[in-house]
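First comes the structure, then the notes that go with it.
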Amino acid sequence: MSKRKLTRQQAWRIEKIQKERLDRASRHKAQVEELLEAGSLGQEQAGRIVARFGKQVEVVAVDELGQPIAEPVRCHLRANLSTLVTGDQVVFQTTDDAGIVTACEPRRNVLERPDSRGVIKAMAANIDQLVIVTALEPAPQPELLDRYLVATEVAGIPPLIVINKVDLLRESEVNRNFLAAIKNLYEVIGYTVVEATTKETGGLDELSKHLIDKSSVFIGQSGVGKSSLVQALLPDEQIRVGHLHQQTRLGRHTTSTARLYPYAEGGSIIDSPGIRDFGLEQISRTDVEHGFIDIREFSDHCRFRDCRHRQEPGCAVTDAVQKGKLSKRRLESFHRILDTLTGGNA
Ligand SMILES: Nc1nc2c(ncn2[C@@H]2O[C@H](COP(=O)(O)OP(=O)(O)OP(=O)(O)O)[C@@H](O)[C@H]2O)c(=O)[nH]1
Ligand SMILES: [Mg+2]
Ligand SMILES: [Zn+2]
């Protein structure tokens, strides 16, 4: 307990807030039970979670192929289903003006990330592809891209790298060189990199082909244009986009919750809130080693099994960098990520 003594007024306020919370929780439980007992619920239907709002979710009915067949409905959750996220496959029932999710199918995979307080939370489930969006503005951070790539390897979800805002290329040679370098680097490793722009006709032709019949999540720094891309791909939707800050040229965290949209060509797209940093503090050194697929190829041949790939003799990784077979920048990124791991396991 804190040494500071609470005044009577503070104690009264805290008690009041707690009581309100309990009241809300029991009201919610009562509503759910009432719905279940009323006997007025319709048939069980297969659905997918479109978005999560506190204790409620939006669910869309889907066919056998997982394609939406109706408008989304707001639903309550059965008590044991409190951890549902966007993309979860569920069973739900509706009445005329309400609905309830009664079961959840086992997840194929789940994407987790730290919330604003650093607590690891599931963000989306049952995903085929992580679309990592970077852009020529806000200034790209290759190390952040490397962090995302580690996260995709750890989650076992294939990535697609998108470089957005290529319309800005015409304005700057620096941008042109940067784009060529980054594209080449990641393509050599084996990743697919596509260019995109929402400001020119045909700017999404290549990207749109990669989305057909897949469940994709768009992730990336705030302001890179995730929502703009989704809006351009789905002109019938109404999606909020935000301007970059005038001076800093950073995004303004416009999207606040992960939301799933059906893709007309088959499949679905989840737009997600941007993040400044993709903390990997909760993962292990082994995860990072596994996540750098280019370094992994050489590290098996190091003389020492616990080689850190810094100055050890017989290190196949630093040797590969010297011979130009591996990117120096990627190895630096690898070391910087390991340096940030907590728990002394780096
Ligand atoms: N020049 C240019 N600007 C773009 C392009 N796509 C998006 N923008 C601009 O980038 C800014 C941010 O776009 P958003 O779509 O809100 O970015 P976001 O990634 O969804 O950001 P958060 O929701 O905050 O994570 C807006 O001012 C867009 O107009 C593009 O292809 N070219
Ligand atoms: Mg957005
Ligand atoms: Zn080594």
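Taken over the range 45-104, the ratio of Cα radius of gyration to 2.2 N^0.38 Å equals 0.97. Dipole orientation for the range 45-104: of the candidates Thr83, Ala70, Gln56, Thr83 has the Cα lying most toward the positive pole (charges on Cβ; Lys, Arg +1; Asp, Glu -1).
Of the beta bridges in the range 110-271, as assigned by DSSP with both residues counted there, near 35 percent are antiparallel. Quick query: amide H of Asp88 versus all other amide H atoms, modeled in the peptide plane; which residues come in under 5 Å with a sequence gap of 5 or more or a different chain? So Asp88 has HN proximity to Ile49, Ala125.
Structural size metrics of the range 84-163, computed from C-alpha coordinates, are Rg and Dmax of 16.3, 50 Å. Here the contact order of the chain, divided by its residue count and restricted to Cα pairs under 8 Å and six or more residues apart, works out to 13 percent. Convex hull volume of the Cα atoms of the chain, normalised per residue: 195 Å³.
Extension gain for Arg336 to Asp97 (0.36 nm times residue separation, less C-alpha to C-alpha distance): 80.8 nm. Relative to the longest principal axis of the Cα atoms of the chain, the long axis of helix 173-189 lies at roughly 80 degrees.
When a/c reaches 1.5 or more, the comparison of a/b and b/c decides; with that in mind, is the range 157-268 rounded, prolate or oblate per its Cα gyration tensor?
Here the range 157-268 falls in the oblate category.
Site pair Ser256 and Lys5 shows an inter-label distance of 4.0 nm when each label is modelled 7 Å from Cα along Cα→Cβ.
Once you order the gyration tensor axes a ≥ b ≥ c over the Cα atoms, which shape class does the range 285-339 get: rounded for a/c under 1.5, otherwise prolate or oblate by comparing a/b with b/c?
Details: a/c = 1.43, a/b = 1.12, b/c = 1.27.
The shape class here is rounded.
Pairs over the 18 Å Cα-Cα cut-off, from the set Lys55/Lys226; Lys199/Lys226; Lys183/Lys325; Lys29/Lys55; Lys165/Lys226: Lys55/Lys226. Farthest towards the positive end of the charge dipole of the chain, among the residues Leu341, Pro142, Ala30, is the Cα of Leu341, using unit charges on the Cβ of Lys, Arg, Asp and Glu.
When a/c reaches 1.5 or more, the comparison of a/b and b/c decides; with that in mind, is the range 14-63 rounded, prolate or oblate per its Cα gyration tensor? Verdict is oblate for the range 14-63.
The Rg/Rh ratio of the range 217-303, with Rg taken over Cα atoms and Rh as the Kirkwood radius over Cα pairs, comes to 1.14. For the chain, DSSP calls about 55 percent of its internal beta bridges antiparallel. In a DSSP loop and with at most 14 other Cβ atoms within 10 Å, the GluC sites (Glu not before Pro) in the range 206-265 are Glu237, Glu265.
List the GluC sites (Glu not before Pro) within the range 289-346 that DSSP assigns to loop and that have no more than 11 neighbouring Cβ atoms inside 10 Å.
Taking the range 289-346 and a limit of 11 other Cβ atoms within 10 Å, no loop GluC sites (Glu not before Pro) are found.
A Cβ-based charge dipole, computed about the Cα centre of the chain with Lys and Arg at +1 and Asp and Glu at -1, lands at about 1980 debye.
Readers should treat all values here as calculations from the given coordinates under stated rules, not as data from a laboratory. Just so we're clear, the structure is a prediction, and the values are computed from it rather than from any experiment. Glycine also receives a Cβ, built like all others from the backbone with ideal geometry; neighbour counts cover every protein chain displayed.
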